[in-house]
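I have placed the structure first, in the form of structure tokens, so that the comments after it can refer back to it.
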Amino acid sequence: MTDTPDSLRTRYLTLILGDDLYAVPLGAVKEIRGSCASVALEGVPPYVVGRLDQPGVAAPVVDLRRRLDMPQAQAGAPSVHVLLERGRRPLVVRADAVADVVDLGIPDEPGTTEGPDARADLAWLRGAAAAADRMVLMLDVDQLVAPADRAAVDAAIAADQARAA
């Protein structure tokens, strides 16, 4: 099978959280790591567990279990970190594991990243699709840091970088 730009736009990386599958656009995935060093930030929402401790990358680390109001994994349970980037806003998400790359047949179309979302409680959810015999919840990468929290996260990262300089 030959990849075309259109077929690449419909492919998603699936992430495992508990028994559920979530998907992020494959085009936004820059790197997958088994672990990720992060620096704690002050004044950010609890689902932002820090910023990526890598020179030149000012990316908040979002714990998907916390962001999606799921119970925390047991202490010492394995996790994976996925560096995502869309536009100029990098982001690291922490999940239990990575599953597969699937073609959901739904093109990735970036939404707006500005202003409040009328469905704020579920703004992170872009939709649902079927992959083989499983339902996959598609994450809206642009909404994983809630619009109401972006200013605090950006300010905390800027303050941390100023301290480090």
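The values are calculated or read from the model by the stated rules, or taken from the named source; none is laboratory data. Being a predicted model, the structure only gives us computed values, none of them experimental. So basically every Cβ, Gly included, is an ideal-geometry build from the backbone, and we count neighbours across all protein chains shown. Calculation scope for accessible area: heavy atoms of the full protein, side chains included, ligands and nucleic acids excluded. Shrake-Rupley method; radii C 1.70, N 1.55, O 1.52, S 1.80 Å.
Looking only at segment 41-82, residues that are surrounded by 12 or more Cβ atoms within 10 Å (Cβ to Cβ) and either touching a strand residue (DSSP E or B) at 6+ places or on another chain (Cβ under 8 Å) or outside any loop (DSSP other than H, G, I, E, B) (or both) come to 27 in all. Among the residues making up segment 52-65, those that are within 14 Å of LEU139 (Cα to Cα) and charged (D, E, K, R) are ASP63, ARG65. The lone criterion from (1) touching a residue at least 12 places away in the same chain (Cβ under 8 Å); (2) in a loop (DSSP other than H, G, I, E, B) left unmet by GLU85 is number (2).
Screening THR10 on (1) within 23 Å of LEU122 (Cβ to Cβ); (2) within 17 Å of the chain's Cα centre (by Cα); (3) among the hydroxyl-bearing types (Ser, Thr, Tyr) shows it passes everything except condition (2). Just checking, does segment 16-24 include any residue being at pLDDT 90 or above and over 17 Å from the mean Cα position of the chain (by Cα)? Yes, there is a match, as at least one residue in segment 16-24 is at pLDDT 90 or above and over 17 Å from the mean Cα position of the chain (by Cα). Scanning segment 38-76 for residues that are among the small types (Gly, Ala, Ser) and in contact with a Gly (Cβ under 9 Å, 6 or more places away or on another chain) returns SER38, ALA40, ALA73.
Considered as a group, the residues in segment 88-97 that are open to solvent by 20 Å² or more (accessible area, probe 1.4 Å) and touching a residue at least 24 places away in the same chain (Cβ under 8 Å) include one that is nearest to the chain's Cα centre (by Cα), and that residue is ARG94. Would it be correct to say that GLY56 is over 17 Å from the mean Cα position of the chain (by Cα) and either acidic (Asp, Glu) or on the phi > 0 side of the Ramachandran plot (or both)? Here the answer is yes, as GLY56 does meet what is asked.
Yes/no per residue for (1) surrounded by 12 or more Cβ atoms within 10 Å (Cβ to Cβ); (2) in a helix (DSSP H, G or I); (3) at pLDDT 80 or above:
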| site | (1), (2), (3) |
| --- | --- |
| THR113 | yes, no, no |
| ALA129 | yes, no, yes |
| VAL136 | yes, no, yes |
| ALA148 | yes, yes, yes |
| ILE157 | yes, yes, yes |
| ARG163 | no, yes, yes |
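The number of residues in segment 18-34 that are open to solvent by less than 30 Å² (accessible area, probe 1.4 Å) and not in a strand (DSSP E or B) comes to 1.
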